[in-house]
Amino acid sequence: MNQDQLKQNVAEAALKYILPDLHADTIIGVGTGSTANKFIEALAPHKSRFLGAVASSDATAELLRAAGIEVFDLNQVTQIAVYVDGADEANKKLHLIKGGGAALTREKIVAAVAKKFVCIADSSKGVEVLGRFPLPVEVIPMARSYVAREIVALGGNPVWREGVTTDNGNQIIDIHDMAIEDPEALEQTLNDIVGVVSNGLFARRPADVLMLASAEGVKTFSTMNTVSQDGNYF
Ligand code: 5RP
C-alpha cells in the first residue's frame, strides 16, 4: 500500500470519527497538507451536515471553497467543534511537529480554538523522540539572523527555508539536528525569542486524538490512552 493510499485511509477514518459530532451549526477546523487535502475530499459529500469550516491556510481555504464548503474567518466564529490536520511527527504524548507546509502559525491558532484536535497521518510519522523532522519556526523577516543565532545557542542547527513566505508574510527557519526530549519546554523557549511568531511544536496544546494509518489498518490513540484499540503502542 503506498503513502497516498494510507493518507486516504486515515482521512476516511477521521471523517467516520467526526461524523456523529456534525450538526447544522457546526464549524470544523481544517488543516493544511496532503493528508488534510484527502480529508477535504472525504468531507465534501457531507457538506450539508455542518455549517462550514475555518481553514489553516489560504491553500486550504481555496480547496474548501472549490468543494462547496463555506469558509469562515476565525473572527466570525466563537467555537470550532473539531480540528482535523496532519503532522510531520507525533510522539506517544500526542505532541507534534507541524509546519512542513509552512502553515504552523494558523494551524496553532485553529488548534487553540478547537474543542477537539484530531491529528491524522501515516504511521511513519509516529516517533519515540521528536526532532528527526526539522522543526519549523516562523520568524518576522528582519529578525531571521538574530533568531538563527539564538537557535545555535540552544544547540540547534538553523536552516533558512529560502524562497518560502508564509501566508502571514513571514519567513521560516527549520531547526535540524535537535533531539527534543522536553517538547513543552522547548516550545516555550522558542516562543520567548523576540522575532519568533510561533514554532511547529504542538506540545502545550497537543492533539487530543491521533489516527495513524499503516498497511494493517488505522490505529486511534488519545491523550487519555496511548494504547490503540488493538492494544498496541505505535
Ligand atoms: C503543514 C503541516 C502539515 O500538516 C504537515 O506538514 C504534514 O503534511 P502532509 O499531510 O502533506 O504529510 O503542518 O504546515
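Name the residue, out of 51, 22, that is over 30 Å from residue 127 (Cα atoms), open to solvent by 30 Å² or more (accessible area, probe 1.4 Å), touching a strand residue (DSSP E or B) at 6+ places or on another chain (Cβ under 9 Å) and more than 16 Å from the ligand (Cβ to nearest atom).
Details: 22 fails: open to solvent by 30 Å² or more (accessible area, probe 1.4 Å).
It is 51.
Among what's in the stretch 170-197 and is out of contact with any strand residue (DSSP E or B) (no Cβ under 7 Å at 6 or more places or on another chain) and in contact (Cβ under 8 Å) with a residue 24 or more places away in the chain, pick the residue that is farthest from residue 120 (Cα to Cα).
194
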Among the candidates 118, 139, 113, single out the residue that is under 21 Å from residue 212 (Cα atoms), touching a helix residue (DSSP H, G or I) at 6+ places or on another chain (Cβ under 8 Å) and not charged (D, E, K, R). 118
Which condition number in (1) surrounded by fewer than 18 Cβ atoms within 10 Å (Cβ to Cβ); (2) more than 26 Å from residue 220 (Cβ to Cβ); (3) out of contact with any helix residue (DSSP H, G or I) (no Cβ under 9 Å at 6 or more places or on another chain) is the one that residue 154 fails? (3)
Run residue 82 past the list (1) open to solvent by 60 Å² or more (accessible area, probe 1.4 Å); (2) among the aliphatic types (A, V, I, L, M); (3) closer than 14 Å to residue 28 by Cα and report the number of the one that doesn't hold. (1)
Residue count, the stretch 56-87 (criterion: touching a residue at least 12 places away in the same chain (Cβ under 8 Å), outside any loop (DSSP other than H, G, I, E, B) and among the hydrophobic types (A, V, I, L, M, F, W, C)): 9
Would you check if residue 77 is under 24 Å from residue 192 (Cβ atoms) and surrounded by fewer than 23 Cβ atoms within 10 Å (Cβ to Cβ)? no
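Looking at 210, 190, which is the one that is open to solvent by less than 60 Å² (accessible area, probe 1.4 Å), over 23 Å from residue 83 (Cα atoms) and among the hydrophobic types (A, V, I, L, M, F, W, C)?
Details: 210 fails: over 23 Å from residue 83 (Cα atoms).
Going through 210, 190 in turn, just one is open to solvent by less than 60 Å² (accessible area, probe 1.4 Å), over 23 Å from residue 83 (Cα atoms) and among the hydrophobic types (A, V, I, L, M, F, W, C): 190.
Anything in the stretch 25-45 that is more than 16 Å from the ligand (Cβ to nearest atom) and surrounded by 14 or more Cβ atoms within 10 Å (Cβ to Cβ)? List them, or say none.
The initial filter retains those residues of the stretch 25-45 that are more than 16 Å from the ligand (Cβ to nearest atom), namely 25-27, 44-45.
Answer for the stretch 25-45, where residues must be more than 16 Å from the ligand (Cβ to nearest atom) and surrounded by 14 or more Cβ atoms within 10 Å (Cβ to Cβ): 26, 27, 44.
Which of the residues spanning the stretch 181-207 are assigned to a loop (DSSP other than H, G, I, E, B) and within 16 Å of the ligand (Cβ to nearest atom)? Working first, answer last.
First, the residues of the stretch 181-207 that are assigned to a loop (DSSP other than H, G, I, E, B): 181-182, 192-195, 200, 203-207.
Within the stretch 181-207, 200, 203, 205, 206, 207 meet the criteria.
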May I ask you to list pairs of residues, at least six apart or on different chains, whose Cβ atoms are under 7 Å apart, with the first in the stretch 198-216 being under 15 Å from residue 108 (Cβ atoms) and of a type in the set (Gly, Ala, Ser) and the second being within 13 Å of the ligand (Cβ to nearest atom) and open to solvent by 10 Å² or more (accessible area, probe 1.4 Å)? 198/105; 198/108
Meets criteria (buried (at least 22 other Cβ atoms within 10 Å of the Cβ) and away from the ligand (no atom under 16 Å from the Cβ)) for residue 120: no
Hey, residue 115 of a type in the set (D, E, K, R), on the phi < 0 side of the Ramachandran plot, over 10 Å from the mean Cα position of the chain (by Cα) and within 14 Å of the ligand (Cβ to nearest atom) or not: no
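The values are calculated or read from the model by the stated rules, or taken from the named source; none is laboratory data. Please read all numbers here as calculations on a predicted model, not as lab measurements. Backbone-built Cβ (ideal geometry, glycine too); neighbour counts: all protein chains shown. For the accessible areas, the whole protein counts, side chains as well, though only heavy atoms, and no ligand, DNA or RNA atoms are used. Shrake-Rupley method; radii C 1.70, N 1.55, O 1.52, S 1.80 Å.
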